[in-house]
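What follows is a short report on a single structure.
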Amino acid sequence: MQRRTFVSGSLAAGFGSLLLPEKTAANAEDATPLNLGIIGVGLQGRVLINGLLALGGVRIRAVCDMWPYRSTGAVDYLKVFDQEAAGFAEYQEMLEKTPDLQAVVVATPDFVHSEQTVACLNAGLHVYCEAPMAPTLDAAQAMADAASKTGKLLQVGYQRRSSPRYQHVEKNLIQDAHLIQDITAASTQWNQSDLWELGWPRRQAMAEADLQRYGYANMHEFRNWRWFRRHSAGPFAAAAVHQIDVLNRMLGASPRTVLAGGTTGFFPDRECHDHVTAIFEYPLDDRTLQATCQVLTTTSGTAGNHELLVGTAGSIRISENPRWAAVFREPSAEPWDEWVRNEYLVKPAAKVEPPPETGESLDRVGQAVAVETGQVQQYQLPALTHQSPFQYHLANFLEAVRGHGSLNCPPEIAIPAETAVLRAIEAMQAKKLVSIFE
Amino acid sequence: MATTFTIRVAHPDAREVRCAVEAAFAELDWLETQLSRFVEGSDVWRINRLRQGETAVVSLPTFRCLDQALQVQRQTAGAFDITYASTPGSNPARRLGLTPTGCKVQKLAEGVQIDLGGIGKGFALDCMASVLHEWDMTSARLSASTSTHLALDAPPNQRGWPVGFGPEPQRVALRREALAASGVGVKGQHIVDPRSRQPAHHLRAWARAPRGALADALSTAFLVMTHSERERYCRHWHVEGAIQDAPTRNHHPG
């Protein structure tokens, strides 16, 4: 079996922080350590644990996972970092036996996010919960209500909210520079090959009676929970909530209606859609805008995951992966030299081009002049990101818990994207246009 | 790592193999996010952006890879050096400080840059092999491109996994050991002796060692070490090496 791994690169040199103040690990280390618990220490849990350790300023006092293989491994891993964490299978026991916790990170399958988050909030803890919030709107709303009722912080794991690259696009390129002028269309794509099932080392299998206690029929269903509608709204929801939230913030609006189509046929053993294309309609001040959203689970090709904003003066393609991020200037747009000088953009080194075709245009006094045929010019975004995407979002959460600043993604920010995406699934099932906020 | 990784497993259950191999590749994906100097926010990315005196906490795999790299650097008296691209002037042996508790990496000099390109592939194979062991896949060969191979137990009724070694090439049966090759014959001159900043002495070098990371690093070191340095190293550390010089094809078993 073969696989090619790709190294993504950023050619841009380091730039200043522009309008974006950055927190450093040193800030966190100077602060009193926060006592944290982690619920769910699978693949994403590992990413978050390493992000927290790299940030510093935390004591991970407890880890909880229903799979002993995972919880034991996490406890052992943390010992290397001088973190004496207790391992638990049940989050209720973790809450009861670790009374000094101040916050909890939830990185479990989607269908238990709401129950666990609400319980932790009600126990007086702040919560960072992975996205999507929940497979149903009622469950997501229950999380928001619990945060509101308890006054505790709930950070939803839309990590792009804390990404310097995304913040740069939103605050500097769109709001400050109006770089691409009127945004008239948008699209998102998330191509991530998910061809094979996740297995498990046979000697680490859990007993079926134990699995059923947690809501799974067997190990296959537990390991591949995202394929099953009772555990998740599927890969489409997992990807699209992030991307619709990006569009919501860049457009300053939420979509009003959605039309969607999807298939479940490619993977006959999976309940959730494997391919989805949705069209969201955004009401803007003076017009409506259609945004397409495509999620494919059979390929990782053709520019991976990104969001594209199309304006009258250019287009901005944003991605967590810098290799897919780029900015394109329309030939008719005013020059962007000012934004290059201000380090809002990076102009690639000039390439030797073939001789241009010529055409006729009018100069300022109406005389016909010969000019080069215009070409779309491509620019890069400056390299602003120095940590993993999750580190920025975790750092924002920890700072807010310490009383410094506010959350970048409280539930009231996430709920519109969660609603839009779950309505898209309804639209697919009903095969009709669905109103998002009824 | 911009390289094709291949895993061959001798096991009767194809579905089980598929899941185990997917888990090993997932580990590779994870390592890539930590070890690549090109991935924004990776451990290596963060280390390269530290200032002198600053410390980064890295993941355990990254720490182990750095630790092994610095061990080989010491053992080869600097012929292998992951900090070769640093600003000249600082002592290569005093560029990074590692603290095992907490997996802390301190930058000891300004302008230090690390590049795990000479050891990362072999280290990744070691980590992927650990995953296969967890899955009780004990008979396997893991390869990074055609240059680095790590063998676990031999296939049934075989002495080992056949791999070419040395300039002739000699066919060896690899079992519970690794073999790596480095050279400037295919990619051109891209390796310099970190000690002298001169181009590699040899056209190709091979190393056969107990672990992938060690074989990978040694194949790079052997490319710039003199014959006597390599022979001394191989005798002392009980590994095997071979060299091909340009333009004549001389084989010097280590």
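The values are calculated or read from the model by the stated rules, or taken from the named source; none is laboratory data. Only a predicted model underlies this, so the values are computations on that prediction, with no experimental measurement involved. Neighbour counts are summed over all protein chains in view; Cβ atoms, including those assigned to glycine, are modelled from backbone coordinates with ideal geometry.
On the given criteria, is residue A:260 closer than 15 Å to residue A:308 by Cα and crowded, with 24+ Cβ neighbours inside 10 Å?
For residue A:260, the condition - closer than 15 Å to residue A:308 by Cα and crowded, with 24+ Cβ neighbours inside 10 Å - is not met.
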From the list B:60, B:28, exactly one residue is at the interface with another protein chain (Cβ under 9 Å from one of its Cβ atoms) and either surrounded by fewer than 19 Cβ atoms within 10 Å (Cβ to Cβ) or farther than 27 Å from residue A:50 by Cα (or both). Which is it? B:60
Just wondering, is there one or more residues in the stretch B:92-99 that are touching a strand residue (DSSP E or B) at 6+ places or on another chain (Cβ under 6 Å) and in a helix (DSSP H, G or I)? no
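Go through the stretch A:75-111 and give me each residue that's away from chain B (no Cβ under 13 Å) and among the polar types (S, T, N, Q).
A:92, A:98, A:102, A:108
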Odd one out for residue A:124, checked against (1) away from chain B (no Cβ under 14 Å); (2) in a helix (DSSP H, G or I); (3) over 21 Å from residue A:210 (Cα atoms): (2)
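Per-residue answers, yes or no, for (1) more than 16 Å from residue A:306 (Cβ to Cβ); (2) of a type in the set (D, E, K, R):
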residue	(1), (2)
A:182	yes, yes
A:190	no, no
A:207	yes, no
A:210	yes, yes
A:218	yes, no
A:224	yes, no
A:228	yes, no
A:240	no, no
If we ask which residues in the stretch A:195-233 are in contact with a helix residue (DSSP H, G or I) (Cβ under 7 Å, 6 or more places away or on another chain), more than 21 Å from residue A:134 (Cβ to Cβ) and of a type in the set (D, E, K, R), their number turns out to be 1
Condition broken by residue B:80, with the remaining ones in (1) at the interface with chain A (Cβ under 10 Å from one of its Cβ atoms); (2) closer than 20 Å to residue B:127 by Cβ satisfied: (1)
Taking the stretch B:34-46 on its own, how many of its residues are surrounded by 20 or more Cβ atoms within 10 Å (Cβ to Cβ) and either in a helix (DSSP H, G or I) or more than 8 Å from chain A (Cβ to nearest Cβ) (or both)? 6
Check on residue B:49, modelled with pLDDT under 95, touching a strand residue (DSSP E or B) at 6+ places or on another chain (Cβ under 8 Å) and surrounded by fewer than 19 Cβ atoms within 10 Å (Cβ to Cβ): yes
Single condition residue B:97 does not satisfy, out of (1) modelled with pLDDT under 95; (2) more than 20 Å from residue B:130 (Cβ to Cβ): (1)
Which listed residue is crowded, with 18+ Cβ neighbours inside 10 Å and within 14 Å of chain B (Cβ to nearest Cβ), from A:187, A:163: A:163
Look at residue B:7 and say whether it is at pLDDT 95 or above, within 7 Å of chain A (Cβ to nearest Cβ) and touching a Lys or Arg at 6+ places or on another chain (Cβ under 8 Å). yes
Considering only the stretch A:222-280, state which residues are part of a loop (DSSP other than H, G, I, E, B) and closer than 21 Å to residue A:163 by Cα. A:252, A:253, A:254
Can you name the strands (runs of 3 or more DSSP E) wholly within the stretch B:103-165 that have at least 3 residues being more than 12 Å from chain A (Cβ to nearest Cβ) and modelled with pLDDT under 95? B:161-165
Does residue B:22 satisfy the condition of being touching a strand residue (DSSP E or B) at 6+ places or on another chain (Cβ under 9 Å), at the interface with chain A (Cβ under 9 Å from one of its Cβ atoms), without any contact (Cβ under 8 Å) to a residue 60 or more places away in the chain and buried (at least 16 other Cβ atoms within 10 Å of the Cβ)? no
Say we look at the stretch A:377-433 and pick out the residues that are within 14 Å of another protein chain (Cβ to nearest Cβ) and aliphatic (A, V, I, L, M); which of these is nearest to residue A:138 (Cα to Cα)? A:394
